[in-house]
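Engineer: Below you will find the structure I want to go over with you.
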Amino acid sequence: MRKAKIALVGLGSWGSTQSLPAIAEAENLELVTWFDANPDIIEQYKSTIPVPPARSLEELLDNPVVEGVILIVPNHVHAPIAVQAAGRGKHVWVEKPIANTLTEADQMIRAAEEAGVVLQVGHSLRRAPGMRMIKKGIDEGKIGEVALIEAHQSHRGGWTLAPGVWRWYSEKCPGGPLNLLGIHQIDIFHYLAGPVDEVMAMTAKKFLQCETEEITEVIMRFKSGVLGQIGDTYVTPPKTLTAVYGTEGWFEFDFWQYKLTYYDIEGKPHVTQVQRVNLIADEFREFGECILTGKRPETGGPEGRAAVAVLEAALESARTGRSVKI
Ligand SMILES: NC(=O)c1ccc[n+]([C@@H]2O[C@H](COP(=O)([O-])OP(=O)(O)OC[C@H]3O[C@@H](n4cnc5c(N)ncnc54)[C@H](O)[C@@H]3O)[C@@H](O)[C@H]2O)c1
């Protein structure tokens, strides 16, 4: 089997602990080079990664062997690097959110379209087996008609923030936990309930010194007429829970407990312990497939853009105190 030759850009916390091992697990990818803007990171990994680092981002992008790049860099540099990479004819895989703003997302989508390259966005959570089972259950009518979808996604990451870290600053990470965590649920909401029509939000700061929000609450009305709600904090212990309420039952999926509960029309719970899979390797495998076969990714530019549209609308609503149409 031919493998797609890819380069990894960004070996910070997520790039080194999750993305690098996931590339090794994706059997249709071959890592040929890598780069990080921090020379200390290059020093740290150059003896353990079996392929040499590039001396600069330009050298990596000019390397004719590289077919695609995997970008695990801060959100505010997603757009400039993705546009540059697409301009050099490289396929692009970028972590969520696609970018911090719709303007940047549109630049990335246009650059990929003009170059005829793949643009895939790392909205991994919809790939969780529990989430796939909810989607199948909804499509089969197991909970009747969907009426309401609710999610909570939080962890204590905010306590580790310090000046100098990109997540500290509103310009680099607008929305704080909504940008970093809630964006996963926004994508899941689109996957399970379709496009959003209108958004209202409140944000709060209470515990931390950082510029960004710490607590966010978003309510949305979907084009289908149903409602949704997402709560996020950057200060409470980890929880990732999605619940979809229908006219004849409901589903609750606890991501970290790998537990899917289906409640029937009497409200009686039926629990399934779901499989653990490496969602990142699964996404990277799809990236390889897209490069090798021309397949369109499940979460490409339009899906990434749709999630950022809700993020932007929520922040505008929190600022103005008014609901915002998408
Ligand atoms: N899917 C998930 O659940 C998940 C979880 C965590 C992080 N992420 C995403 O991963 C991305 C990276 O997050 P992180 O926590 O690893 O951040 P990080 O700050 O730990 O690492 C980012 C790395 O990018 C490097 N970098 C910055 N600018 C660069 C540039 N111009 N060229 C090359 N390298 C550059 C930095 O030196 C750093 O090593 C973000 O987009 C974040 O949203 C996704």
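Engineer: Of the residues T48, T33, only one is out of contact with any Ser or Thr (no Cβ under 9 Å at 6 or more places or on another chain), open to solvent by less than 20 Å² (accessible area, probe 1.4 Å), outside the structural domain of H184 (by TED's automatic domain parsing) and of a type in the set (S, T, Y); which? Please lay out each step first, then the result.
Structural biologist: On the way: T48 fails: open to solvent by less than 20 Å² (accessible area, probe 1.4 Å).
Selected residue: T33, the only one of T48, T33 that is out of contact with any Ser or Thr (no Cβ under 9 Å at 6 or more places or on another chain), open to solvent by less than 20 Å² (accessible area, probe 1.4 Å), outside the structural domain of H184 (by TED's automatic domain parsing) and of a type in the set (S, T, Y).
Engineer: Another question, if that's okay. Taking the condition part of a strand (DSSP E or B) and within 15 Å of the ligand (Cβ to nearest atom), does L20 pass? Full working, then the answer.
Structural biologist: Working: part of a strand (DSSP E or B): no; within 15 Å of the ligand (Cβ to nearest atom): yes.
No, not satisfied.
Engineer: Just checking, does region 178-191 include any residue being in a strand (DSSP E or B), open to solvent by less than 70 Å² (accessible area, probe 1.4 Å) and of a type outside the set (A, V, I, L, M)?
Structural biologist: Narrowing region 178-191 to residues in a strand (DSSP E or B): none.
Looking through region 178-191, none of the residues is in a strand (DSSP E or B), open to solvent by less than 70 Å² (accessible area, probe 1.4 Å) and of a type outside the set (A, V, I, L, M).
Engineer: Grab the strands (runs of 3 or more DSSP E) fully contained in region 205-287, keeping just those with 2 or more residues being closer than 19 Å to P129 by Cβ and open to solvent by less than 50 Å² (accessible area, probe 1.4 Å). Can you show your working first?
Structural biologist: Working: elements: 215-222, 227-233, 239-246, 249-254, 259-263, 269-273.
Result: 239-246, 249-254, 259-263.
Engineer: Tell me, which helices (runs of 4 or more DSSP H) wholly within region 36-117 include 3 or more residues that are under 30 Å from E303 (Cβ atoms) and within 10 Å of the ligand (Cβ to nearest atom)?
Structural biologist: Numbers: elements: 39-45, 57-62, 78-87, 102-115.
Here the list reads 78-87.
Engineer: For A111, are the conditions met, namely being hydrophobic (A, V, I, L, M, F, W, C), under 30 Å from K223 (Cβ atoms) and in contact (Cβ under 8 Å) with a residue 24 or more places away in the chain?
Structural biologist: Against the criterion (hydrophobic (A, V, I, L, M, F, W, C), under 30 Å from K223 (Cβ atoms) and in contact (Cβ under 8 Å) with a residue 24 or more places away in the chain), A111 qualifies.
Engineer: Next question. Just to be sure I understand the filter: pairs with C-beta atoms under 6 Å, separated by 6 or more residues or on different chains, first member in region 1-18 and of a type outside the set (S, T, Y), second member in a helix (DSSP H, G or I). Which pairs pass?
Structural biologist: Filtered contacts from region 1-18: A4/G288; A4/I291; A4/L292; A7/L60; L11/I41; L11/Y45; Q18/I280.
Engineer: Could I ask something else about it? Report yes if G130 is on the phi > 0 side of the Ramachandran plot and modelled with pLDDT of 95 or more, otherwise no. Break it down stepwise before answering.
Structural biologist: Working: on the phi > 0 side of the Ramachandran plot: no; modelled with pLDDT of 95 or more: yes.
Against the criterion (on the phi > 0 side of the Ramachandran plot and modelled with pLDDT of 95 or more), G130 does not qualify.
Engineer: Got a sec? Which of G116, G157, G122, G141 is among the small types (G, A, S) and in contact with a strand residue (DSSP E or B) (Cβ under 6 Å, 6 or more places away or on another chain)? Outline the logic, then answer.
Structural biologist: Details: G116 fails: in contact with a strand residue (DSSP E or B) (Cβ under 6 Å, 6 or more places away or on another chain); G157 fails: in contact with a strand residue (DSSP E or B) (Cβ under 6 Å, 6 or more places away or on another chain); G141 fails: in contact with a strand residue (DSSP E or B) (Cβ under 6 Å, 6 or more places away or on another chain).
Result of the check over G116, G157, G122, G141: G122.
The values are calculated or read from the model by the stated rules, or taken from the named source; none is laboratory data. Note that this is a predicted model, so its numbers are computed, not measured. Because the Cβ atoms are built from the backbone with ideal geometry, glycine has one as well, and the counts that use them run over all protein chains shown. Protein only, heavy atoms only, side chains kept; ligands, DNA and RNA dropped before computing areas. Shrake-Rupley method; radii C 1.70, N 1.55, O 1.52, S 1.80 Å.
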